[in-house]
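Each value in this text was obtained by applying a stated rule to the coordinates, not by laboratory testing. Here the structure is a predicted model, which is why all the values come from computation and not from measurement. Reconstructed Cβ throughout: ideal geometry from the backbone, glycine too, with neighbour counts over all protein chains shown.
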Amino acid sequence: MSEEKPPGSYETHETHGAYEAPETRPAASSSGAGILLEGLTKRYPGSKQPAVDDVHMEIRPGETVILVGPSGCGKSTTLKMINRLIEPTSGRITIGDEDVTDIDPVKLRRRVGYAIQSSGLFPHMTVAENIALVPRMVGWSKARVRDRVEEMLDLVGLDPREFHGRYPRQLSGGQQQRVGVARALAADPPVLLMDEPFGAVDPITRDHLQDELIRLQHELHKTIVFVTHDFDEAIKLGDRIAVLRERSQIAQFDTPEALLTNPADDFVSGFVGAGAALKRLNLTRVREVEIADFPTVTVDDPLQSIFNKLRAGPHNELLMLDRRNRPYKWLRRGDLMRAKGSLARAGQLVHDTVTRDATLRDALEAVLIDSGGRVAVTGRRGEYIGVVDMETLINSVHEMLEADRLAAFEHQHEQAELLDGTGRAGEAGGAGATDGASRVDEADGPGGPGGAGGPGGAGA
């Protein structure tokens, strides 16, 4: 007779059928490490021009940097040189305090997380085995590996009891990408490289995966280098964005706010595109605005109790929660009047919610679709937190636009002072704070005031 499997256990090639109950959770994850690229160049034999030409970039520990640019500009090549999937022709790569240019590339890749568009899961391995792969390779104990698999599945929002024994073919595209991210983070690397990881899924799933990555980064503070051709995705995810020309020449390396309000040149403006004000909604999270309380009831509340609560309150509707405290239905007065003793068919199902890490643009889209002009905000497990309405979103947009207007006015004033010769001599480079690669080299590069621990630098 086969041995019964306790809940939450799983089998790997290493355990050979030995099922063990999960132990205590591992210690907290390590934070990110800085990355320094110095003169990074890749030249393929027979090519007249290098694929990547003399890239200088400094990425701060714990930040998310997005590489965005046209197809063929070298952004993926640059990314893959960081973990040496592609060997650089020349240049230097430093992660933390260690020059990784000459160390064993296999050992390097075990210390750097890597997630790609197709998830890259091994089809003959279960979800648990895929996630356990790198921790086992670096010598973790069976108990530690088992606990880490449980922890990582929970972290990416997949129930360990349900998913640990499944194979990749039994998962949706979004679930495969979540497992891919879990595997990339399993050995607790300080750096995570992501090469268009959400490019092969549908738009709705992509939005959800982006929100998950934002939430994960908010908890883990890894150093993430993320490649995309989608500027909206770059704005949503990035602390800073490097807009790349051909051969990974850096047109501008700056914050999303700076790129939207003061692009360095026409090339960057072309990537920003029209509707910069609307794109600004991607820079603010729902958790940064007021999340209002809203009267709620549960599916187990008696009809008369629900009716009394609605009649006594200032609102014309209630939000019904299911037994797991998740938004279920919007109930209006008329719905209750027509209920005739049963709520089974009464009310409007909640079709869309947003998390606290969703952007205001996500919230606005949900509010516009909803006939009531509001959207429920949920936590990690879908539990109800509060509501955001159209008035809150409009007020937030007005505040952002006013802040942009003041920033633009201050910038124009500084430029006018320089043209009039009243600025200090040393401010000539500072006035170009958003003028592309030269601004990055002078203000934020390794030789600038920020130094190794300051804002990242980049050179064309």
Rg and Dmax [Cα atoms of the stretch 277-433; Å; Rg one decimal, Dmax integer]: 22.9, 80
For the stretch 81-146, what does the alpha-carbon gyration tensor say about shape, rounded, prolate or oblate, given a ≥ b ≥ c as the root eigenvalues, a/c under 1.5 as rounded, and a/b over b/c as prolate? oblate
In Hz, Karplus ³J(HN,Hα) per residue of the stretch 303-320 (6.51, -1.76, 1.60; θ = phi - 60°; x = Gly, Pro): 4, 5, 5, 5, 4, 5, 5, 5, 5, 7, x, x, 8, 8, 8, 10, 10, 8
Whole-Å distance, taken between Cα centres, linking the stretch 59-106 and the stretch 152-203: 23 Å
When the chain is fully extended, how far beyond the present Cα-Cα distance does VAL299 get from GLN117, taking 0.36 nm per residue of separation? 61.5 nm
Expected output is a single nm value to one decimal: the length gained when fully extending between LEU278 and ALA416, i.e. 0.36 nm times separation in residues minus the C-alpha distance. What is it? 46.8 nm
Net charge over other residues, Cβ less than 10 angstrom from the Cβ of LEU310 (K, R count +1; D, E count -1): +2
Between PHE409 and SER172, what is the label-to-label distance in nm when each label sits 7 Å out along the Cα-to-Cβ direction? 4.8 nm
Partner lysines whose C-alpha sits under 26 Å from that of LYS107, ignoring same-chain residues fewer than 8 away, are LYS42, LYS75, LYS80, LYS142, LYS222
Spin-label pair ARG333/SER269, simplified geometry with 7 Å Cα→Cβ offset, distance in nm: 5.4 nm
5 Å is the cut-off here: which amide hydrogens, built 1.01 Å from N in the peptide plane, fall below it relative to ALA251, excluding neighbours closer than 5 in sequence? VAL243, LEU244, ARG245
Gain on full stretching of the segment that runs from ASP232 to ILE369 - 0.36 nm per residue minus C-alpha separation: 47.3 nm
Quick one: which of 137-149, 293-305, 178-190, 349-361 comes out on top by average Cβ neighbours within 10 Å, and what's the full order, highest first? 178-190, 349-361, 137-149, 293-305
By the mean-Cβ-within-10 Å protection proxy, highest first, 60-68, 80-88 rank as 60-68, 80-88
